[in-house]
Amino acid sequence: MTTVTPELLTVPEVMMRLRLGRSTVYDLIRSGRLVSITVGRSRRIPVDALRDFITREIKEAA
């Protein structure tokens, strides 16, 4: 059985990966620091956008 990595993550999945609260994740989205898309009434974060966010944060911290 192969595991497929989802291309789009839910807010709770991003919360778990970043170990941040819901409002913090939504603040990152609102500020434009974390790119997201809306599918119907649901908010989704592309995996690449999450990787880019982490990379930028690491570079800014250095």
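For the reader, a short list of remarks on this structure follows.
- Rg/Rg_ref, segment 8-61, where Rg_ref = 2.2 N^0.38 Å and atoms are Cα: 1.05
- Of all stretches in the chain that contain no trypsin sites (Lys or Arg not before Pro) in a DSSP loop with at most 13 other Cβ atoms within 10 Å, the longest one is 42-62.
- Assuming charge only on the beta carbon of Lys and Arg (+1) and of Asp and Glu (-1), the dipole of the chain about its Cα centre is about 200 debye to the nearest 20.
Throughout, read-outs are computed from the coordinates displayed, never taken from laboratory work. Just so you know, these numbers come straight off a predicted model, no measurement behind them. We place every Cβ from the backbone using ideal geometry, glycine too, and count neighbours over all the protein chains shown.
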